[in-house]
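Enquirer: Sharing a structure with you now.
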Amino acid sequence: MSAAARALPAPSRRAPLGAVTLSAPRPGARVRAARPREENFHNNCLLTSSSQNSSPLLCPPCNCAQMALAETIIPHQPDVDKHAGVLSYELVQGNLVQWNSFMDKSIPDPPTAVLLHGILGSRKNWGSFAKRLAQEFPMWQFLLVDLRCHGDSASIKKRGPHTVASTALDVLKLIVQLRLTPRVLVGHSFGGKVALSMVEQAAKPLARPVRVWVLDATPGKVRAGGDGEDHPAELIEFLRRMPEQVSSKQEVVDALVKGQFSVDVARWVATNLRRTSPLGQRSSSSFSWTFDLNGISEMYKSYEDTNLWRIVENVPRGVHINFLKAERSLHRWALEDLQRIHTAEELAADEGGGVEMHVLEDAGHWVHADNPDGLFRILSSTFRIETTIRGMQD
């Protein structure tokens, strides 16, 4: 919990009718949130943790004790692409999910997993993988988030500093606004540290077991790659020096390749460009970035500097932290990191938590692209375990 945060009596999980209006989506639909009125969004200052029974946190700098939830509407149309006020997101739901309208208390909250992307990514990175999970585990729903300064969330102006901690706080606010209690957090690279920060900032003990997956990231020092490997800091600075608008995606690809970045990285980065020329004027096309590069630069610096070993070596009871090392992502993993994680495994087992190390074979840093089948097999065990736990509790 941040120094500015203070504990208050935990509010009721179910708000009065009318605080949030929800309509049930079709089973299996991809659901996006509509943007609330601006005046409502700015009043949404009270934050509770992802734990149902935990104390709320006050969102600095206003420290207000009100909870004016935004008028969020979940539409039927799967092609609606707007904001929730806090962050842009979408829900990928299994066919057996019953959306809780907060009117019928007999309907239990569906088990939810939050999937977080890395630097220069977006929620779209997880789209196909989330669909696959939803097909295999139809009782689950998967919350895909555009982190601050990324994707559609870049148009939602956020106060600095742009850090791992503030990014995690955004996601916690969104979870509260949606009245969800996630059982699983999955974060890739920068998103992995965000997931750890979410656990650190949530009140303890957590209300139920939470399983955290940190994909190809360590809790501490970020090590730069060698020749032929990715260099995110250099990539971000290179993009910041480019014009804000370009005539084509190929122009960006060519510039990046000339700047010694790989073709794959160049093409991936170019997917973050959107057309800005008026409709029907294709002859004078121009493209601009969907992200805030200045904010992202600050976020990456925080990613390098943020040390979250303390949450790994003092895991809250009921939390199980899984690290996944990509076999070909050697530079990110020093021997001392691996030894420290294995030591944390033993400590956590004695304290009622859990730490575990996994290796994904035949994969580089982009684990969900390099070996999606292997990643799916490893993550599936978590959803089977959590589904079994839920069945026993119900």
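Any read-out appearing in this document is the output of simple, stated calculations on the displayed coordinates, not a laboratory observation. What you are looking at is a predicted structure, and each value in this text was computed from that prediction instead of being measured. Cβ sites come from the backbone with ideal geometry, for glycine too, and all protein chains shown count toward neighbours.
Enquirer: Using a/c under 1.5 as the rounded threshold, could you call the range 298-337 rounded, prolate or oblate? The axes a ≥ b ≥ c are square roots of the C-alpha gyration tensor eigenvalues, and prolate needs a/b larger than b/c, oblate otherwise.
Expert: oblate
Enquirer: Under the rule of at least 5 residues apart or a separate chain, name every residue whose amide H is placed under 5 Å from the amide H of L116.
Expert: Under 5 Å from the amide H of L116 lie the amide H atoms of V186, G187, H188, each far enough along the sequence or on another chain.
Enquirer: Could you list which residues have their amide H under 5 Å from that of G353, counting only those 5 or more apart in sequence or on another chain, with H placed in the peptide plane?
Expert: So G353 has HN proximity to G318.
Enquirer: Given a cut-off of 26 Å, name the pairs among K158/K258; K158/K325; K131/K301; K131/K325; K158/K301; K124/K158 whose C-alpha atoms lie farther apart than that in the structure shown.
Expert: Beyond 26 Å between Cα atoms: K158/K258; K158/K325; K131/K301.
Enquirer: Sticking with this structure for a sec: Through the Karplus equation 6.51 cos²θ - 1.76 cosθ + 1.60, θ set to phi - 60°, convert the phi angles of the range 85-94 into ³J(HN,Hα) values in whole Hz; use x for Gly and Pro.
Expert: x, 8, 8, 7, 7, 8, 10, 9, 10, x
Enquirer: Let me ask something else about it. Whole-Hz ³J(HN,Hα) for each residue in the range 211-216, computed from phi via Karplus 6.51 cos²θ - 1.76 cosθ + 1.60 with θ = phi - 60°, x for glycine and proline: what do you get?
Expert: Karplus-based 3J(HN,Hα) across the range 211-216 equals 10, 10, 10, 10, 9, 6 Hz.
Enquirer: Which of the peptides 321-328, 125-132, 305-312 is most tightly packed, and how do the rest follow, judged by the mean count of other Cβ atoms within 10 Å per residue?
Expert: The densest-packed peptide leads the list: 321-328, 125-132, 305-312.
Enquirer: Which order, highest average first, do 137-146, 287-296 follow once you tally other Cβ atoms within 10 Å for each residue and take the mean per peptide? Could you put the intermediate results ahead of the total?
Expert: Details: 137-146: 23.5, 287-296: 19.3.
Final packing ranking: 137-146, 287-296.
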